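Trainee: Before I ask anything, let me first share the structure, which is written out below as structure tokens.
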Amino acid sequence: MKGLFIVMEGPDSSGKTTQINLLKEYLEEAGYECLITREPGGTVIGEEVRQLILNPEHKEMSPVTEMLLYAASRAQLVHEVIGPALEEGKIVISDRFVDSSIVYQGIARKLGISTVSAVNAPGIGIYRPDGIFFIDLSEAEGLRRKKEQKNLDRMEQEGIDFHHMVSEGYRKVLSGRPEVMKIDGGRSIDTIQKKIRNHVDELLKKKNR
């Protein structure tokens, strides 16, 4: 079979990384070859772009520059990692994909959904997620979790209004799509992981038919 492409989406501090690592452990124990990647980053080039985007000192970065840098990192990731892994039949779990740019740059930065989609189209090519897990978290809980973190990056340092637009943007962009499963990020880690595993099992059954 061709591989399975899974994406974890959600606002900052929603717990995506924890859930991704637990899912990888589960799938590898079941005998699947699994690859984790992240955005921006995931390649040598992408990680250098990540340093540019998230550096807190780069406060002068324009929304358009930000959009183009995210798209460049994503294009390299698809070309070098995601595409080849899926063609080899692996399971790819990505911490964010193109919907994050549509939300963060298209909606929160007000560049427009159609603009961001068009800029990213050449880079992502034929590859689309088989399943997207949207871990929804209230802004209040997100801020509470952020206060426990140190060294916030440039995006995490944005104000409450920006993060509110991100949360609302995710709910708008991911609503009603068949490949999206929305999960309450306020639930326990185990409860969230159980829902994710059950749904991934169903995706794998469909893929293997």
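The values are calculated or read from the model by the stated rules, or taken from the named source; none is laboratory data. Keep in mind it's a predicted model, so treat the numbers as computed, not measured. When we count neighbours, we look across all protein chains shown, and the Cβ atoms used for this are built from the backbone with ideal geometry, even at glycine. Just so you know, the surface numbers come from the protein's heavy atoms only, side chains and all, with ligands and any DNA or RNA stripped out. Shrake-Rupley method; radii C 1.70, N 1.55, O 1.52, S 1.80 Å.
Trainee: Sort 87-97, 115-125 for me by packing, meaning the mean count of neighbouring Cβ atoms within 10 Å per residue, highest on top.
Mentor: Most protected by this proxy first, the peptides run 87-97, 115-125.
Trainee: Which aspartates and glutamates have a Cα less than 16 Å from the Cα of Lys172, not counting those fewer than 8 places away in the same chain?
Mentor: Candidates past the 8-residue exclusion: Glu9, Asp99, Asp136, Glu139, Asp184.
Trainee: Kirkwood hydrodynamic radius, the range 151-209, all distinct C-alpha pairs: what's the number in Å?
Mentor: Details: mean 1/r = 0.0706 Å⁻¹.
In the range 151-209 this quantity evaluates to 14.2 Å.
Trainee: To continue, here is another question. Rolling a 1.4 Å sphere over the protein heavy atoms, what is the accessible area per residue of the range 36-87, to the nearest Å²? Working shown, then result.
Mentor: Values: 2480 Å² over 52 residues.
Dividing the accessible area of the range 36-87 by its residue count gives 48 Å².
Trainee: Which lysines have a Cα lying under 24 Å from the Cα of Lys150, excluding residues fewer than 8 positions away in the same chain?
Mentor: Counting by Cα, and skipping residues close in sequence, Lys150 has these lysines nearby: Lys16, Lys59.
Trainee: Before anything else, pin down the relative contact order of the chain: Cα pairs under 8 Å, at least 6 apart, normalised by residue count, whole percent.
Mentor: Taking the mean separation of contacting Cα pairs over the length of the chain, I get 32 percent.
Trainee: Mean-square fluctuation check for the chain, GNM, Cα pairs under 10 Å: which of Lys195, Lys16, Lys182 is largest?
Mentor: The residue that fluctuates most here is Lys195.
Trainee: Shifting gears a bit: Which aspartates and glutamates, on any chain, are close to Lys205 with Cα under 19 Å apart, when same-chain ones fewer than 8 places away are left out?
Mentor: Within reach: Glu25, Glu28, Glu29, Glu33, Glu87, Glu88, Asp130, Glu179.
Trainee: Oh, and also: Looking at this model, which pairs from Lys90/Lys194; Lys2/Lys110; Lys90/Lys195; Lys182/Lys206; Lys146/Lys182 are more than 30 angstrom apart at the alpha-carbon?
Mentor: Lys2/Lys110
Trainee: Using a/c under 1.5 as the rounded threshold, could you call the range 127-175 rounded, prolate or oblate? The axes a ≥ b ≥ c are square roots of the C-alpha gyration tensor eigenvalues, and prolate needs a/b larger than b/c, oblate otherwise.
Mentor: prolate
Trainee: Next up: When the chain is treated as a GNM, springs tying every alpha-carbon pair under 10 Å, which of Met181, Met61, Met155 comes out with the largest mean-square fluctuation?
Mentor: Met61
Trainee: So, one more: Where does the chain land at 222 nm, in deg cm²/dmol rounded to the nearest 500, when only DSSP H runs of n ≥ 4 count, each adding -39500 (n - 2.57), divided by all residues?
Mentor: -15500 deg cm²/dmol
Trainee: With a sphere of radius 11 Å drawn around the Cβ of Glu33, what net charge do the other residues whose Cβ falls strictly inside it have (Lys, Arg +1; Asp, Glu -1)? Don't skip to the end; give the middle numbers.
Mentor: On the way: positive: Lys24, Lys90; negative: Glu28, Glu88.
In short, 0.
Trainee: Once you order the gyration tensor axes a ≥ b ≥ c over the Cα atoms, which shape class does the range 101-190 get: rounded for a/c under 1.5, otherwise prolate or oblate by comparing a/b with b/c?
Mentor: oblate
Trainee: Any chance you could run the full-extension gain for Tyr32 through Thr191? It's 0.36 nm times the residue separation minus the Cα-Cα distance, nm to one decimal.
Mentor: Roughly 55.0 nm would be gained on extension.
Trainee: Over the Cα atoms of the range 60-148, how large are the radius of gyration and the largest Cα-Cα distance (Dmax), in Å?
Mentor: 14.8, 42
Trainee: Need one word for the range 33-78: rounded, prolate or oblate. Basis is the Cα gyration tensor (sqrt eigenvalues a ≥ b ≥ c); a/c below 1.5 gives rounded, then a/b vs b/c decides.
Mentor: Prolate is the answer for the range 33-78, as a/c is 1.5 or above and a/b outweighs b/c.
Trainee: If you add up the charges near Ile93, with Lys and Arg at +1 and Asp and Glu at -1, over every other residue whose beta carbon is less than 14 angstrom from its beta carbon, what do you get?
Mentor: -1
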